[in-house]
1. Counting just the residues of the stretch B:59-77 that are more than 8 Å from every other protein chain (Cβ to nearest Cβ) and touching a residue at least 24 places away in the same chain (Cβ under 8 Å), which one comes out surrounded by the fewest Cβ atoms within 10 Å (Cβ to Cβ)?
2. Quick one: would you say A:Leu51 is surrounded by fewer than 17 Cβ atoms within 10 Å (Cβ to Cβ), outside any loop (DSSP other than H, G, I, E, B) and either within 12 Å of chain B (Cβ to nearest Cβ) or more than 10 Å from DNA strand D (Cβ to nearest atom) (or both)?
3. All but one of (1) out of contact with any strand residue (DSSP E or B) (no Cβ under 9 Å at 6 or more places or on another chain); (2) farther than 28 Å from A:Lys25 by Cα; (3) more than 12 Å from DNA strand C (Cβ to nearest atom); (4) among the small types (Gly, Ala, Ser) hold for B:Gly29, so report the exception by its number.
4. State whether the residues of the stretch A:58-75 include one that is assigned to a loop (DSSP other than H, G, I, E, B) and within 11 Å of DNA strand D (Cβ to nearest atom).
5. Quick one: A:Thr28 ticks every box in (1) farther than 24 Å from B:Asp16 by Cα; (2) within 11 Å of another protein chain (Cβ to nearest Cβ); (3) surrounded by 19 or more Cβ atoms within 10 Å (Cβ to Cβ) bar one, so which box is it?
6. Return the only residue of A:Leu26, A:Leu36, A:Leu59 being modelled with pLDDT of 95 or more, in contact with a Leu (Cβ under 7 Å, 6 or more places away or on another chain) and among the aliphatic types (A, V, I, L, M).
7. Taking only the stretch B:27-41 into account, find how many residues are over 20 Å from A:Gln94 (Cβ atoms) and within 12 Å of DNA strand D (Cβ to nearest atom).
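The values are calculated or read from the model by the stated rules, or taken from the named source; none is laboratory data. The structure presented is a predicted model; accordingly, all values stated were derived computationally and were not measured. Using ideal geometry, Cβ is built from the backbone for each residue, glycine included, and neighbour counts are taken over all protein chains shown.
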Number of protein chains: 2
Amino acid sequence: MARAATTTDAFNAVGDPTRRAVLNKLATGETTVKALAEHVNCPQSLVSKHLKVLREVELVRCRSVGRTRLYRIDRAGITPLQTWLTELTTAINQHYDRLDDYIQTLKADGDAVRKGEPR
Amino acid sequence: MARAATTTDAFNAVGDPTRRAVLNKLATGETTVKALAEHVNCPQSLVSKHLKVLREVELVRCRSVGRTRLYRIDRAGITPLQTWLTELTTAINQHYDRLDDYIQTLKADGDAVRKGEPR
DNA sequence: GAATAATATCCCCATATGGGCATATGTCAA
DNA sequence: TTGACATATGCCCATATGGGGATATTATTC
């Protein structure tokens, strides 16, 4: 075995900074590949690749207009992300106390100092 | 250049399915490495590595108890994820019409049928 | 049809990294 | 001190994949 193939889910797709930048740009409206490339400041061919990944994960969609392709956000693909995050935080709030974080921080600091651990 | 090093941000950390599983489990409370390994069904050594990644990104924290280590969620690390997602969807809602998705779907389907494209 | 523009692909490279395995490190109990 | 248990690390491998450059593909215009 080796590194697992992960580019098949939205979470991994969003893991790449460049792709997040692309999404941020697209969030402001339909855009051209060229425009995206300029905005993200990287070669067009690379942007096309990132767009392909985003398409496969359905975070993005596109339509042809002349010899141009207008890319846009596909809301459907974003839902899973929101859902997971929401459920995660819900579970957390349900199982962790409010003061927990604060207490843990103090505790961790104290321990670190006492034992000379790096923080 | 080559593949960019990305394991330095929470987004990438969450990109891995196993790590998400670990987070899901931890969301229900402090847990032992061993327990996590059993829950996620993968070797302890691997879980330790994933935990290390999650720690570096501050999605997780731990404290020693005897010869055991209790891992817990670190809420602070989750905030960036929520923030980005929220801002993204906010921007989208601000720039995309409600009917857009529906219209685009119809359009895409029609075009595909017309041109014999795969969908 | 030829030339040009916009994208997508293909090929190649470098490396990050998920996973497996053995071992080191640390802690507690007898 | 020795032994057992819990974790973390180091080493190695296989591969996914980000990035670069050139080329194929498709559409537009003259």
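1. Filtering first and then ranking leaves B:Thr68.
2. In short, no.
3. Unmet for B:Gly29, out of (1) out of contact with any strand residue (DSSP E or B) (no Cβ under 9 Å at 6 or more places or on another chain); (2) farther than 28 Å from A:Lys25 by Cα; (3) more than 12 Å from DNA strand C (Cβ to nearest atom); (4) among the small types (Gly, Ala, Ser): (1).
4. There is at least one residue in the stretch A:58-75 that is assigned to a loop (DSSP other than H, G, I, E, B) and within 11 Å of DNA strand D (Cβ to nearest atom).
5. Here A:Thr28 meets the rest and fails (3).
6. Of A:Leu26, A:Leu36, A:Leu59, the one residue that is modelled with pLDDT of 95 or more, in contact with a Leu (Cβ under 7 Å, 6 or more places away or on another chain) and among the aliphatic types (A, V, I, L, M) is A:Leu59.
7. 5
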